[in-house]
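Here the structure comes first, spelled out in structure tokens, and everything after it is commentary.
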Amino acid sequence: MASDEDIKDDTTEQAEEAETPEETSTEAEREARPMAGTLGAARYVHAAFFAFAILGAYVLGKVLFLAWGAVAEWPAAIRAVPQLVTYAEDERDGITLVAGAAVGTIGVIQAYRKQRVRGWADAVAGELSRVTWPNRETVLNGTLVVVVASAIATVYVTILDRFWSFLTNLVYGA
């Protein structure tokens, strides 16, 4: 007959066997998905490309808006394409922003897909990850030194200016 300890051991082994497939699937899922901490310098490359896409979309949208406005005031263009003036300026801004976002996104994706551009961006991010960045106290002390030195230089130049102004007034009698 089985003792209580044997039954507990069997139950514990069965529970461990039941947990093992779940743990391995969770570990496999963890390995399949890169986490932000494991991306390293690559996350800065992705963030830079994303920022350039947003900036490009905004700038292109504004350039297209200005170009549309300039062309809409040109009589020959209105005769050739009467649809230029069918939209109000508020509608034009929205349309050109969407068009700028599309063109900017396509441009950034094309640049991201080029191995030379991406390699350069990865190299820059890798170099920046090797930089020893100053801590908060060092930056605070450096900022304090700059502010104090700027204040002293300002006072010194002000005193010299007043002194030379006084001497100039004495000599030339203004």
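The values are calculated or read from the model by the stated rules, or taken from the named source; none is laboratory data. Note that the structure is predicted; figures quoted are calculated from it, not measured. Heads up, the Cβs are rebuilt from the backbone with ideal geometry, glycines too, and the neighbour counts pull from every protein chain shown.
A few remarks follow.
- Residues of the stretch 46-97 that are out of contact with any Phe, Trp or Tyr (no Cβ under 8 Å at 6 or more places or on another chain) and either aromatic (Phe, Trp, Tyr) or not assigned by TED's automatic domain parsing to the domain that holds LYS114 (or both): PHE50, PHE52, TYR58, PHE65, TRP68, TRP74, TYR87.
- Any hit, the stretch 104-112, residues being of a type in the set (A, V, I, L, M, F, W, C) and over 21 Å from the mean Cα position of the chain (by Cα): no
- Every test in (1) small (Gly, Ala, Ser); (2) within 23 Å of ALA51 (Cβ to Cβ); (3) not assigned by TED's automatic domain parsing to the domain that holds LEU60 is passed by GLY173 save one, and that test is (2).
- Scanning the stretch 115-174 for residues that are farther than 25 Å from VAL45 by Cα and of a type in the set (Lys, Arg) yields one hit, ARG162.
- Filter result for VAL145 (over 17 Å from the mean Cα position of the chain (by Cα) and either at pLDDT 90 or above or not polar (S, T, N, Q) (or both)): yes
- Selected residue (criterion: nearest to ILE54 (Cα to Cα)) from residues of the stretch 65-101 that are of a type in the set (A, V, I, L, M) and touching a residue at least 40 places away in the same chain (Cβ under 8 Å): ALA101
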